[in-house]
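Here the structure is laid out as structure tokens; the discussion comes afterwards.
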Amino acid sequence: MTLRELSLAKQHELRVEVLPDKKLTVGLRRGDAEIFGAQIGLGEKVTIHGQKIAIFTYGGCLLELDGDAEVMYTSEETPMEAYINVHNVFENQRTKAQSNGGQGPRVMVVGPTDSGKSTLCRILINYALRLGWSPTFVDLDIGQGSIAPPGTIAATPVQLPVTVEDGYPLDVPLVFYFGHTTPVQNANLYKFQVERMATLLDRRANRHPTVAASGMLVNTMGWVEGLGYELILHAIKALKVDNVLVVGQERLHSQLESDLRQARNPRIQVLRLPKSGGVVTRSPETRRADRASRVRDYFYGVPRTLMPHSETIQSTELNIYRVGGGRQAQSSIRPAGTASLMNPLKITPVRVGNEISNCLLGVSHARTAEEILSVSVAGFIFIQRVDVRDDGEGTVTYLAPGPGSLPGRYLLLGSIEILNFT
Ligand code: ATP
């Protein structure tokens, strides 16, 4: 496609899908335009590649497009009116909280996979930012993290717009390494880490009135049945959520409403919002590929401007631990009806061997092995090569985001293994 102009009528959006090896530049010539709540300035150019996005206009606009898009179409059926309405509700709650030194809205977005939860969080965060707030984004989706690599639960204060080019600004993220992409592996650990995160976020909100008044936006996993549902209820309680937004599914909405009512929690508002017709469904293969690219983004940056560093050290220099029984703790391999005898929160040292090849390890902030469970991680390393003998001695080569010593002594292993992510 060559350079061309496209005019978008008011309250319409242009849905675009650009392949990873292609790019599309979008410029705004006239009117107003935004991508998931982040405004495009007049004359500004935004480059999209490997993404599926929508450019929405409130009052109509003239766009300039240059590059290749796999899919491109205009739609007038968008849920933006409903989204702006809930934003206005939250705006009132923030203003009220600011005037009485209280807590702003703690909003959790729930819904099945591919319902547009992450996108809704992004839109609402960007709208809050545009009015001068600094909301905290909490990502409990261990399958596809937006703040940190997969397998993490994380939170970050957001002060700058979340754009398609830069994603979430990550100045001071608080990251817990759960280590798995599904909570089934260790639901107790998941709950423990959510509670820990909640305590730390409460502490932060208590110290900073603006952070408290700005509130939080919590993104969740797409697993909304059985254990997935139980974990949603647990997180609502732990994070003291007062507004739950259900995207799409009516059944989930009424189930949550009735369960929260029974739990005598009238303080919690449960609202149902329409799912956007633009949300793109991802196959399990695409999800796997997305996970690998999130790990690649962590080490190489987006765009690829970071210079990760490969380091070879003696295996004995590594202090690797796992929480619970790791892979052995999976309920699927236990005889039906038997409970695991393993303590899901027990910390066990891991002997260095070939099985840690291609694994992502969290570098814990812990000062002692006992602390590993309750503290966050400073970053991650990726094990590229293991050359050890049967006695466990030899060398290990790992990739770190930069040169120099690691920001912590203790490493946390889960079950996240990525092949060929570079
Ligand atoms: P998950 O199942 O991983 O939790 P989700 O419910 O959070 O997914 P999103 O990640 O928000 O869903 O959306 C899925 C994909 O659809 C993303 O690539 C997103 O950029 C894209 N998308 C969302 N809304 C639109 C839209 N209006 N037009 C085009 N693409 C969109």
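General remarks:
- Three-way shape call for the range 1-132 based on the alpha-carbon gyration tensor, with the a/c threshold at 1.5: prolate
- Spatial separation of Cα centroids for the range 223-293 and the range 20-43, in angstrom: 30
- Cα principal axis extents for the chain, largest first, Å: 69, 56, 44
- A Cβ-based charge dipole, computed about the Cα centre of the chain with Lys and Arg at +1 and Asp and Glu at -1, lands at about 1000 debye.
- Positive-end residue, the chain charge dipole about Cα centroid, Cβ charges, pick of ILE35, PHE380, GLY102: GLY102
- Spread of Cα-to-Cα distances over 5 Å intervals beginning at zero, given as percent, for the range 4-75: 4, 19, 31, 29, 13, 3, 0
- Helix 250-262 axis, angle to the chain major axis (alpha carbon atoms, nearest 10°): 70
- Helix 80-100 axis versus longest C-alpha principal axis of the chain: approximately 70°, rounded to the nearest ten.
- Against the chain, whose longest principal axis is taken from its Cα atoms, helix 117-130 shows a tilt of about 60°.
- The lysine pair count for the chain, using Cα distances under 17 Å and pairs eight or more places apart or on different chains, is 10.
- For the range 183-275, the set of trypsin sites (Lys or Arg not before Pro) satisfying both a DSSP loop assignment and a count of at most 12 other C-beta atoms within 10 Å is given as ARG264, ARG267.
- Of the whole protein surface, HIS12 contributes about 40 Å² of accessible area at a 1.4 Å probe radius.
- Applying the criteria of a DSSP loop state and at most 13 other Cβ atoms within 10 Å to the trypsin sites (Lys or Arg not before Pro) of the range 351-412 yields ARG351, ARG367, ARG389.
- Placing ASP391, ASP202 in order of accessible area, with the largest value first and a 1.4 Å probe, yields ASP391, ASP202.
- 10 Å Cβ shell holding at most 14 others, DSSP loop, GluC sites (Glu not before Pro): longest site-free stretch of the chain: 226-392
- Taking a ≥ b ≥ c as the square roots of the eigenvalues of the alpha carbon gyration tensor, the range 80-273 is rounded, as a/c is under 1.5.
The values are calculated or read from the model by the stated rules, or taken from the named source; none is laboratory data. Note that the structure is a prediction, hence the values are computed from the model and not measured. Neighbour counts run over all protein chains shown; Cβ positions are idealised from the backbone, glycine included. Note: areas computed on protein heavy atoms with side chains; ligands, DNA, RNA excluded. Shrake-Rupley method; radii C 1.70, N 1.55, O 1.52, S 1.80 Å.
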